[in-house]
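The structure appears below as structure tokens.
The values are calculated or read from the model by the stated rules, or taken from the named source; none is laboratory data. Since the model is a prediction, treat every value here as computed from it, not as a measurement. Cβ: placed from backbone, ideal geometry, glycine included. Neighbour counts: every protein chain shown.
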Amino acid sequence: MKPHLTGGTACPPGGRGMSVLPIAQPWSIRAIRSAAVALILSAVTASAAEEMRLTYPETPRTDDVETLFGVQIADPFRWLEADPREDSTVAEWIDAQNAVASSYLETLSGRSIFEQRLALLNQHDTVMPPVRRGERYIFQRQSAGDDQPRLIVREGDDGSESVLLDPNTWTGDGTKALAEWDVSPDGDFVAYAVQVDGSDWRSIRVIDTVTGEVLDDHVEWARFTTIAWSGDGSGFYYSRFPAGEKGASFNEAVRDHAVYFHRLGTPQSDDRLVHGGASEKPLLHTATVSADGRFLVIYTSALAGGVAVTVTDLSQDGGQPLTLVESHDDQWALVGTEGTRLIFSTQMGAPRGRVMSIDLADPEPAFAELIPERPDAVLRHGTGILGNRIVLNYMVDAKMELERFRLDGTPDGSVDLPGAGTAALFHGEPGRNDAYFLFTSHDVPPTVFRLDVAESRVTPWEDSNLPVTLDDVMVEQRFYASADGTRIPMFVIRRADVTGAAPTMLTGYGGYGISMVPFYLPAAIAWVEQGGVYAVANIRGGGEYGSAWHHAGRREQKQNVFDDFIAAGEYLIAEGITAPDGLAIQGQSNGGLLVAAVANQRPDLFAAVLPDVGVMDMLRFDRFTGGAMWIEEYGSPAVEDQFRTLLAYSPLHTIREGADYPAILVTTADTDNRVVPAHSFKYTAALQDADIGDRPHLLRVATGAGHGQGTPLTMQIAQTAEQWAFAARWTGLDVTSMD
């Protein structure tokens with residue numbers, strides 16, 4: 001999940017004498033839309049320097065005011081919180097905003113160039129590491145030109161392949177996607193989740209890997225789920241909400257999440273409740289099954305940065321669940337099992353992570369340290385027992401290192417990776433010497449490698465067939481000081497021949513302990529190819545240096561996140577990497593909150609701002625869909641000291657009247673039920689209503705898309721091309737054809 005934050009004052013955004021229209025009159029919005037389109041289409045732009053004068057759709061204001069802890073909070077655009085799928089007035093307002101944005105964006109010559117180049121940069125195969133069952137390999141491949149990845153079955157390491165599932169054929173516009181999936185222990189079945197229009201809701205089906213037949217089994221109401229087959233292959237565990245929740249209004253909060261077991265060949269009404277259900281606060285429960293099929297492990301998250309852990313021994317008839325960890329304070333992840341001994345990675349008592357084991361055969365089982373914390377590195381989740389070794393993935397200054405250990409915790413050497421980058425998605429089994437993982441970096445496309453565990457040897461398993469060369473792309477890691485002196489790492493990507501100040505795209509996230517590790521991004525390469533700089537700041541709030549780094553950027557410490565990001569921009573200018581008027585910033589979800597908040601705090605520092613699906617109203621975020629689960633990260637608007645922290649940076653409430661703002665292009669999606677689009681709607685309305693200069697402040701709303709995952713590739717390319725062209729216009733990047 002990705003939420004967002006911002007900065008603010010107690011004063012509502014100022015108006016410019018706009019007339020107040022009753023929101024019950026939809027004709028007023030239609031009239032505004034028609035007038036806006038007519039004005040925009042009739043405008044003529046003589047050159048890039050002669051900007052058209054934008055006329056925004058007039059957004060009616062209401063008298064909504066709340067008094068919170070003695071502070072009056074005006075909320076004149078609250079009517080935009082209505083679901084546009086249910087409220088025609090909001091839907092027509094969106095149409096009007098899209099018309100204005102489209103008309104402006106169509107004047108940017110760089111858009112078509114970026115779109116063509118992004119299409120080429122995405123013309124390669126993206127393959128995920130295979131799950132191996134016997135001699136059968138099952139994996140995802142997104143071939144050049146595919147909107148969605150397919151699920152492939154390969155018989156043998158070099159054998160024939162067949163397409164098991166092809167989401168590209170499910171709809172004509174690519175808006176149905178394959179989400180979570182898992183293979184039965186014998187490899188004969190795959191349970192898979194279907195995602196529609198980018199929604200977090202899932203439907204789960206089962207397919208026979210030999211015949212390709214889709215079984216009658218049909219599971220609904222799944223959301224925030226994993227899929228985990230039982231050891232005997234009789235069925236699978238999944239997570240869902242109560243029946244009837246799917247498709248609920250954006251104002252409907254999530255509740256009563258639970259893990260169920262579905263037995264093959266039975267109706268969903270017979271599914272057995274395994275864990276969870278009604279609770280006093282929002283909790284998410286997800287299941288995994290150990291590689292030997294013996295233990296069911298359930299993680300319960302309050303989105304506090306950690307999980308509670310419950311284990312059931314499935315080998316015992318009527319085995320009862322045993323709670324191993326009660327609090328939600330620390331991260332835990334199953335590394336593997338050896339008989340009755342379970343091995344976990346955790347940050348309990350070790351902010352950078354260590355490995356603990358517990359033997360359930362002991363009369364009084366208790367955790368004992370197996371592999372201690374490294375003072376110079378952060379232990380990443382995702383590796384485990386491969387072959388007869390424990391393979392651990394460590395992060396040092398946001399780059400990965402692999403280390404081997406014997407099952408008793410004795411160090412057993414390291415594994416050389418292909419370069420400085422990110423290793424992830426390890427697939428392998430105890431007792432098998434071969435494992436598979438994904439490696440990528442800022443200048444290395446995602447590539448699947450085979451790991452010979454015994455020999456510590458890494459070889460390519462499947463190449464990406466990239467259609468362009470990245471030889472002239474230079475990746476450099478730098479470190480800079482934040483406002484309080486904290487040392488922050490930042491990756492700077494540019495062409496080797498770009499040595500002076502160049503238009504720069506700076507991005508970051510800063511929340512939930514999520515690390516901004518190196519990965520290949522065609523959008524970044526498209527910007528760099530044009531002579532620009534792409535920079536990634538590893539700010540606090542992430543997990544780059546463990547749980548302490550995360551906690552230094554959450555709740556009452558959130559301002560550290562914004563200070564770190566502002567300092568990154570100042571550093572780029574001071575070092576001559578970018579010019580004072582050449583800095584654009586971009587962020588998604590919690591990163592959208594980040595860039596909107598710093599734009600309010602330092603509008604003078606940035607030329608262009610690109611907040612995507614951001615959390616903008618920090619005083620009401622907990623009232624929509626899963627927003628209540630973000631309280632552990634942000635704090636609660638219902639608690640006075642936390643309310644005042646949130647108000648101080650809430651993007652919606654801290655827009656600075658009279659300041660000269662950068663150009664802003666806000667993007668969201670109409671079916672995003674994680675960070676509901678009302679955040680972006682209200683924020684855009686407030687920007688357009690405020691006296692903050694003449695640069696454009698636009699809203700672009702995608703249809704049939706959600707929070708990012710599952711969005712068709714063609715839609716992703718079109719949106720990025722618009723964002724990059726917009727940023728290029730305001731940073732001075734000269735966009736030329738690469739033909």
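Scanning segment 352-382 for residues that are more than 30 Å from THR486 (Cα to Cα) and part of a strand (DSSP E or B) yields MET356, SER357, ILE358, ASP359, ALA368, GLU369, LEU370. Scanning segment 234-246 for residues that are assigned to a loop (DSSP other than H, G, I, E, B) and at pLDDT 95 or above yields a single hit, SER234. Of all the listed residues (ALA548, ALA567, ALA502, ALA596), the sole one being over 19 Å from the mean Cα position of the chain (by Cα) and within 24 Å of THR654 (Cα to Cα) is ALA567.
Of the candidates LEU699, LEU665, LEU646, the single residue that is surrounded by 24 or more Cβ atoms within 10 Å (Cβ to Cβ), touching a Gly at 6+ places or on another chain (Cβ under 7 Å) and of a type in the set (A, V, I, L, M) is LEU646.
Here is a yes/no grid of residues against (1) at pLDDT 95 or above; (2) among the β-branched types (Val, Ile, Thr):
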residue	(1), (2)
VAL444	no, yes
TRP461	no, no
MET474	yes, no
GLY508	yes, no
ALA524	yes, no
TRP527	yes, no
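Note on segment 588-621: among residues that are closer than 17 Å to ASP672 by Cβ and either among the acidic types (Asp, Glu) or touching a Cys at 6+ places or on another chain (Cβ under 8 Å) (or both), the one that is surrounded by the most Cβ atoms within 10 Å (Cβ to Cβ) is ASP617.
For segment 716-737, the candidate set comprises residues that are modelled with pLDDT of 95 or more and among the aliphatic types (A, V, I, L, M); within that set, the residue that is surrounded by the most Cβ atoms within 10 Å (Cβ to Cβ) is ALA727. Selection within segment 183-206: residues that are assigned to a strand (DSSP E or B) and surrounded by fewer than 21 Cβ atoms within 10 Å (Cβ to Cβ). The member of this set that is modelled with the lowest pLDDT is VAL196.
Counting residues in segment 451-464 that are of a type in the set (A, V, I, L, M, F, W, C) and within 20 Å of VAL536 (Cβ to Cβ) gives zero.
Of everything in segment 395-446 that is acidic (Asp, Glu) and within 27 Å of the chain's Cα centre (by Cα), the residue that is farthest from ILE343 (Cα to Cα) is ASP443.
Considering segment 612-650, the residues that are outside any loop (DSSP other than H, G, I, E, B) and touching a His at 6+ places or on another chain (Cβ under 8 Å) include one that is modelled with the lowest pLDDT, namely GLU632. Test GLY485 against the stated conditions and say whether it is more than 21 Å from the chain's Cα centre (by Cα), in a loop (DSSP other than H, G, I, E, B) and within 18 Å of PHE565 (Cβ to Cβ). So GLY485 passes the test. Scanning segment 375-384 for residues that are under 24 Å from GLU455 (Cβ atoms) and either of a type in the set (Gly, Ala, Ser) or modelled with pLDDT of 95 or more (or both), we see that the one that is surrounded by the fewest Cβ atoms within 10 Å (Cβ to Cβ) is GLY382. Being closer than 23 Å to LEU506 by Cβ, at pLDDT 95 or above and small (Gly, Ala, Ser) is a condition met by no residue of segment 695-715. As for segment 391-398, it holds at least one residue that is within 30 Å of GLU529 (Cα to Cα) and surrounded by 20 or more Cβ atoms within 10 Å (Cβ to Cβ). For segment 262-300, a residue qualifies if it is assigned to a strand (DSSP E or B), of a type in the set (Gly, Ala, Ser) and in contact (Cβ under 8 Å) with a residue 60 or more places away in the chain, and exactly one does: ALA287. Residues in segment 521-580 that are in contact (Cβ under 8 Å) with a residue 40 or more places away in the chain, among the small types (Gly, Ala, Ser), closer than 18 Å to PHE606 by Cα and part of a helix (DSSP H, G or I): ALA567, ALA568, GLY569. Inside segment 219-232, residues that are in a loop (DSSP other than H, G, I, E, B), over 18 Å from THR337 (Cβ atoms) and either small (Gly, Ala, Ser) or touching a Lys or Arg at 6+ places or on another chain (Cβ under 7 Å) (or both) make up a count of 1.
Does VAL475 satisfy the criteria of being under 26 Å from ALA377 (Cα atoms) and either assigned by TED's automatic domain parsing to the domain that holds GLY576 or part of a strand (DSSP E or B) (or both)? Spelling it out, VAL475 is indeed under 26 Å from ALA377 (Cα atoms) and either assigned by TED's automatic domain parsing to the domain that holds GLY576 or part of a strand (DSSP E or B) (or both). The numbered conditions (1) more than 26 Å from the chain's Cα centre (by Cα); (2) crowded, with 19+ Cβ neighbours inside 10 Å are all true for THR107 except (2).
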